[in-house]
Amino acid sequence: MNISGKTVVITGSNSGIGLGVAHEFAKAGAHIVLNSFSDRDEDHALAEALGKEHGVTARYIQADMSKSDQCRALIEKAGTCDILVNNAGIQHVAAIPDFPVEKWDAIIAINMSSAFHTTAAALPVMRKAGWGRVINIASAHGLTASPFKSAYVAAKHGVIGLTKVTALETAEEPITANAVCPGYVLTPLVESQIPDTMKEYNMDRDTVIREVLLKRQPSKQFATVEQLGGTCVFLSSDAAAQITGTTISVDGGWTAL
Ligand code: NAD
């Protein structure tokens, strides 16, 4: 894949898809920068273990993606950034009139604005290196909508728009920008929604998974973090050098319906 020795910065990568993406890049020989807002020993230990497992350099850099200055500081602290994966994300479910303003602000900041700030800081670094890849983890909800997810749907549609503009502003350079749109992946983010959904629909866990989560996913299977990571590795490869400004869905056919 020709990405051995490249440095990849992945926002929100101490769990779920971000951590899975980190493992796939490390397997391909890339050096890893993990990130989240927390600064616990276990976060740093996660990076150390990942580096040891794959024989690459792996560091953990604390930065809160809800803060513009910390988004930019993450890239500065990383020192180099050949591949940027904007993955940090949160979710909240409520009807529009009841949607807490602080939740709206946090979702827009973490899920969308952070990608703008990290990209703004990373593009000059990539230009200096003469090569770069920006990969934004959007969602099937960046292409479709669901009731009660106003901030998430708005942020993910925005991320896809930002991806297209990034691609156009770098089109003549050896830099690409693409969005990856997962359907449902069974990560802590999705797990956290299951208990409320069980209560709301009076269903057991298996029925919620089958009848609510996977209902819109024709494959009737969750995508895996390894599959998401593999897609990001592919987008970083030479084979994908002319793929820019597009979205790749990893959603078991959700958006084909
Ligand atoms: P997750 O909760 O496991 O991971 C989210 C990550 O973001 C965590 O590492 C968390 O620490 C980090 N994060 C949260 N707030 C942060 C902040 N302020 N600063 C820095 N990091 C922060 O969830 P996930 O499912 O792995 O989600 C990862 C991305 O994939 C998100 O952007 C999400 O919207 C997207 N996505 C997930 C699914 C799914 O089904 N799991 C589907 C579509 C899109």
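The values are calculated or read from the model by the stated rules, or taken from the named source; none is laboratory data. Remember, it's a predicted structure, so these values are computed and weren't measured experimentally. With ideal geometry, Cβ positions are generated from the backbone for all residues, glycine too; neighbour counts draw on all protein chains shown.
General observations
- For Ala256, the stated conditions do not hold, so it cannot be described as within 24 Å of Ala171 (Cα to Cα) and surrounded by fewer than 16 Cβ atoms within 10 Å (Cβ to Cβ).
- Qualifying position, being small (Gly, Ala, Ser), away from the ligand (no atom under 15 Å from the Cβ), touching a Leu at 6+ places or on another chain (Cβ under 7 Å) and at pLDDT 95 or above, among Ala30, Ala26: Ala26
- Residue within the stretch 53-71 that is among the polar types (S, T, N, Q), more than 9 Å from the ligand (Cβ to nearest atom) and in contact with a strand residue (DSSP E or B) (Cβ under 6 Å, 6 or more places away or on another chain) present: yes
- Hey, Ile17 crowded, with 20+ Cβ neighbours inside 10 Å, in contact (Cβ under 8 Å) with a residue 12 or more places away in the chain, within 20 Å of Glu191 (Cβ to Cβ) and touching a helix residue (DSSP H, G or I) at 6+ places or on another chain (Cβ under 8 Å) or not: yes
- Flag set for Thr247, criterion: among the hydroxyl-bearing types (Ser, Thr, Tyr), under 16 Å from Asn87 (Cβ atoms) and touching a helix residue (DSSP H, G or I) at 6+ places or on another chain (Cβ under 8 Å).
- Residue within the stretch 206-216 that is of a type in the set (D, E, K, R) and under 25 Å from Gly130 (Cα atoms) present: no
- On the stretch given as the stretch 77-115, residues that are assigned to a helix (DSSP H, G or I) and away from the ligand (no atom under 16 Å from the Cβ) total 4.
- Evaluation of Phe222 against (1) surrounded by fewer than 20 Cβ atoms within 10 Å (Cβ to Cβ); (2) of a type in the set (Phe, Trp, Tyr); (3) out of contact with any strand residue (DSSP E or B) (no Cβ under 8 Å at 6 or more places or on another chain) (one fails), failing number: (3)
- Within the option set Val101, Val93, Val56, Val125, being crowded, with 17+ Cβ neighbours inside 10 Å, more than 30 Å from Ala239 (Cβ to Cβ) and more than 18 Å from the chain's Cα centre (by Cα) holds for one residue only, Val93.
- The listed residue being in a loop (DSSP other than H, G, I, E, B), within 25 Å of Glu172 (Cβ to Cβ) and modelled with pLDDT of 95 or more, out of Ile248, Ile243: Ile243
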